[in-house]
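One structure below.
The values are calculated or read from the model by the stated rules, or taken from the named source; none is laboratory data. If you're wondering where the values come from, they're calculated on a predicted model, not measured in any experiment. In this analysis, Cβ positions are derived from the backbone assuming ideal geometry, glycine residues included, and neighbour counts consider all displayed protein chains. SASA here: full protein model, heavy atoms, side chains in, ligands and nucleic acids out. Shrake-Rupley method; radii C 1.70, N 1.55, O 1.52, S 1.80 Å.
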Amino acid sequence: MDILTRFELRKIMRRKSFYAGIAILVLAAIFLTSVMVTDASITGGDGKDLSGIAAIQLRKEYNRQLAGPLTVEKVADAVERYNKTWHDPKNLNKKGEITNEAYAKYAVKDEQIDTLIRFAFSPVREYDHYIIDKLSPNDAKDFYRKRMEKVNGYLNFDYSYGNYSMEDKSFFIKMNESIPVPFQMDYVTGWEKVFQNLRSIFLISAFVIAICLAPVFAGEYQSGADSIILSSRYGRNKVIAAKLKASFIVSLGLLVLALTTYTLLLLGIYGFDGGSASVQMIDLLAPVPYTVFQTYLWVVLIGSLACLLVGAVTLWLSSRMSSSFPVIVTIGIFLIGPMFIPASKSSRLFNHMMHLLPSNMIDSFKRVTGYEVFHILGQLIPEYKVMVGVAVIVIVMLLPFAYQGFKKRQVA
């Protein structure tokens, strides 16, 4: 790292806003983790409700027993256990309902696999909790066929904003057919909880990055230092490049801090198990052939690029505006505003364009596991991959504008 970049890096890191940003990110990670932990609940073996750490540990113990390939034999065994439990008079009360003791002893252990079975065998776009009552072990052989029926039903549904073309349907059917079966099953609750709040982590990180980068150029105008910098030997080239490099390093550092703190805190409590399980254990209809950990990497990549894109826009605005405050306000509107724009009920193209904005990109788990595709130069490309390309291109395009915006600033 050259001297100028180190100097600009220290300038950013010495500001109170930088330390406040770090505090906000760490506190947000702790708060979101604590909410997930306190919300955890399960019925214990004695029929009493457990919550918090105790519930997490028991859930982990039960789901680990189901780990391994999700074969039709495993599905059949689960259906058979369900039928024995719910049809045994000893497990029922006078109203014909299962007793708390029997539910705690038998049913809770199979909640993960029973939920997958219910979802697969339910009608298209529905979840019928009682569908498993109608199944026999022989129906288990249809588990993966039923899942594909739901995929086909989703693709053939009549949407007001535009239906999938035959080409789109064929593309997603092939994607689903490329997924290795049987799925790999495991305890994935920790990773599922990580995905649930990653959008919030990315949103907070993007705003913190914007606050830290807003004064990079605008702060020089505000203090009057721009006239000194721009009249110096390297003021219109190396100093600007150093500012951009330092901004990138700070943005990346804040992202690493936020993601590492949040992920390690949550998985440290819930457990790191399940990274090698199929992502279909979290979203059964997901059309991607990834493990949970591979999905996490994609989600982090897209969300991080969205935050870096916000940083690039911040730098461009900072080079154009005379103080930091209007930069922060503008970025706030840019980041939060699109969240209040409802999805179009008549145009899929409009929805695709809206998804490319940072505030929608940060919902990256939904993008990776969703059924949206772009047609580009005769090629069909999944939406999440398009997001990566668009974010990189826009960032690369914006940095020269920020560079030129400061360079061409008229010195009084």
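How do the pairs read when you match residues in region 383-404 that are open to solvent by less than 60 Å² (accessible area, probe 1.4 Å) with residues anywhere that are hydroxyl-bearing (Ser, Thr, Tyr) and part of a helix (DSSP H, G or I), using Cβ under 8 Å and keeping only pairs 6 or more apart or on different chains? So the pair list comes out as TYR384/SER364; MET387/SER364; ALA402/SER318; ALA402/SER319; TYR403/SER319.
Determine which single condition ILE211 fails, assuming it passes every other condition in (1) open to solvent by less than 60 Å² (accessible area, probe 1.4 Å); (2) closer than 30 Å to GLU126 by Cα. Answer for ILE211: the failing condition is (2).
If you go through region 96-114 and keep only what is open to solvent by 60 Å² or more (accessible area, probe 1.4 Å) and at pLDDT 90 or above, you end up with just LYS109.
Just one of the listed residues (LEU265, LEU244, LEU255) is in contact with a helix residue (DSSP H, G or I) (Cβ under 9 Å, 6 or more places away or on another chain), in a helix (DSSP H, G or I) and farther than 22 Å from ALA28 by Cα, and it is LEU244.
Rundown of residues vs (1) under 26 Å from ILE331 (Cα atoms); (2) of a type in the set (A, V, I, L, M, F, W, C); (3) free of Cβ contacts under 8 Å to residues at least 24 places away in the same chain, yes/no style:
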| residue | (1), (2), (3) |
| --- | --- |
| GLY153 | no, no, no |
| PRO180 | no, no, no |
| VAL188 | no, yes, no |
| ARG199 | yes, no, no |
| LEU203 | yes, yes, no |
| PHE207 | yes, yes, no |
| ALA225 | yes, yes, yes |
| SER232 | no, no, yes |
| LYS243 | yes, no, no |
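If I ask for residues that are surrounded by fewer than 16 Cβ atoms within 10 Å (Cβ to Cβ), farther than 20 Å from ARG367 by Cα and free of Cβ contacts under 8 Å to residues at least 60 places away in the same chain, which ones from region 327-356 would you list? Passing the criteria: VAL329, ILE333. Residues considered: ALA67, ALA23, ALA40. Of these, the only one that is at pLDDT 90 or above, touching a strand residue (DSSP E or B) at 6+ places or on another chain (Cβ under 7 Å), open to solvent by 30 Å² or more (accessible area, probe 1.4 Å) and of a type in the set (A, V, I, L, M, F, W, C) is ALA67. Of all the numbered requirements in (1) open to solvent by 50 Å² or more (accessible area, probe 1.4 Å); (2) in contact (Cβ under 8 Å) with a residue 12 or more places away in the chain; (3) farther than 30 Å from ASN197 by Cβ; (4) not in a helix (DSSP H, G or I), GLU73 misses one, and that requirement is (4). Evaluation of LEU264 against the conditions (1) out of contact with any Asp or Glu (no Cβ under 7 Å at 6 or more places or on another chain); (2) open to solvent by less than 30 Å² (accessible area, probe 1.4 Å) shows that the sole unmet condition is (2). Residues that are open to solvent by 60 Å² or more (accessible area, probe 1.4 Å) and in a loop (DSSP other than H, G, I, E, B) within region 125-156 comprise ARG125, GLU126, TYR127, HIS129, TYR130, ASN156, listed in sequence order.
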